[in-house]
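> First the structure, which I've put down as structure tokens, then a few questions once you've had a look.
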Amino acid sequence: MNKKYLTNFKNKKDIETSYDTKLSDDIEILLAWYGYGSYDGSSFVLFRQNGKLYEVNGSHCSCFRLEGQWKPEETTVKSLKHIVVEGKKFRDYSSGEKEYGEILLKILNKLDNNA
């Protein structure tokens with residue numbers, strides 16, 4: 001699956017602008033999603049840097065955007081797979097989360113097979 005920028009992210013620059021941050025050149029974006037409507041939004045970014053996986057989660061109401069929320073957390077394929085398969089985070093049909101949850105699972109399976 002080559003589609004790694006979903007919904008309101010089109011490229012790395014969109015991530016930098018939305019989160020009001022500068023990403024280092026060695027960050028490899030694996031999946032970036034930003035869904036929003038009239039009053040709120042949420043975002044998920046998965047990236048690899050120096051051989052480690054990181055995720056960033058952000059959300060906002062109508063008053064703010066994602067500024068100041070770029071806080072990478074180290075993660076693993078195993079923990080993300082558990083969230084996708086067993087959790088409810090990627091089940092919201094109205095926001096497009098189901099679509100990116102399915103794409104995320106494909107990316108995780110590929111990472112798992114290449115390990």
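The values are calculated or read from the model by the stated rules, or taken from the named source; none is laboratory data. Fair warning: this is a prediction, and the values are worked out from it, not measured in the lab. Note: ideal-geometry Cβ built from the backbone for every residue, glycine included; neighbour counts use all protein chains shown.
> When region 1-52 is examined, which residues are found to be touching a strand residue (DSSP E or B) at 6+ places or on another chain (Cβ under 7 Å) and assigned to a loop (DSSP other than H, G, I, E, B)?
Selection gives LYS4, ASN8, PHE9, ASN11, ASP26, ILE27, ASP40.
> A further question follows. Consider ILE27 carefully, then state whether it is modelled with pLDDT of 90 or more, surrounded by fewer than 17 Cβ atoms within 10 Å (Cβ to Cβ) and among the β-branched types (Val, Ile, Thr).
Yes; evaluated as a whole, the condition is true for this residue.
> Still on this structure: Kindly indicate whether PHE44 is under 13 Å from TYR19 (Cβ atoms), among the hydrophobic types (A, V, I, L, M, F, W, C) and modelled with pLDDT under 90.
No, not satisfied.
> Just to verify a result, which residue in region 53-73, among those that are at pLDDT 95 or above and not in a loop (DSSP other than H, G, I, E, B), is surrounded by the fewest Cβ atoms within 10 Å (Cβ to Cβ)?
Only one residue tops the list, namely GLU73.
> How many residues does region 22-73 hold that are among the β-branched types (Val, Ile, Thr) and more than 13 Å from the chain's Cα centre (by Cα)?
The number of residues fulfilling the criteria is 1.
> Same structure again: Can we say VAL77 is within 15 Å of TYR100 (Cα to Cα) and touching a residue at least 24 places away in the same chain (Cβ under 8 Å)?
no
> Under 7 Å by Cβ, and 6 or more places apart or on different chains, what pairs join a residue from region 43-58 that is without any contact (Cβ under 8 Å) to a residue 60 or more places away in the chain and under 9 Å from PRO72 (Cα atoms) with one that is part of a loop (DSSP other than H, G, I, E, B) and not aliphatic (A, V, I, L, M)?
TYR54/PRO72; VAL56/TRP70; VAL56/LYS71; VAL56/PRO72
> Also, quick follow-up: Residue check, TRP70 against (1) touching a residue at least 12 places away in the same chain (Cβ under 8 Å); (2) farther than 27 Å from ASN109 by Cα; (3) among the aromatic types (Phe, Trp, Tyr), all met but one. Which one?
Unmet condition: (2).
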